[in-house]
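Every read-out reported here was derived from the displayed coordinates using simple, explicitly stated rules and does not represent laboratory data. The model shown is predicted, which means the values in this text are computed figures rather than measured ones. Glycine gets a Cβ as well: all are built from the backbone with ideal geometry, and neighbour counts include every protein chain shown.
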Amino acid sequence: MEYFLRCRDNVFPCEVTIDEDNGRYMIKKADSSGEVFNSSSELVHWILTNWETEDFHDEAQFEEMLKEIQESLLVK
């Protein structure tokens, strides 16, 4: 899964990558720095701790992304 979210702080989108097949769990933040995680659950925890719905232009897109990721964690 890969998501591109238009954030209010920057012209470039924030990116969220969850690649279970290759073990890649990454976030690119509004300031273009990134975070790498060992699992999708660590990634979700970081998102819930550091990002708010109001940080993004399309708040519904952010909520939908969270919902999809959390649902995929339950399926495992």
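Against the longest principal axis of the chain, how steep is helix 40-50, in degrees 0 to 90 to the nearest 10, with axes from Cα atoms? Relative to the chain, helix 40-50 is tipped by roughly 30 degrees.
Count Lys and Arg as plus one, Asp and Glu as minus one, and take only other residues whose Cβ is under 10 Å from that of Tyr25; the net charge is then -3. For the chain, the longest principal axis of the C-alpha atoms and the axis of helix 59-75 are separated by about 10°. Loop-resident GluC sites (Glu not before Pro) (DSSP state other than H, G, I, E or B) in the stretch 30-76 with no more than 10 further Cβ atoms inside 10 Å of their Cβ: Glu52. Provide, for q = 0.13 Å⁻¹, the log10 of I(q)/I(0) from a solvent-free Debye sum over equal Cα point scatterers in the chain. Listed by q, the Debye log ratios stand at -0.34.
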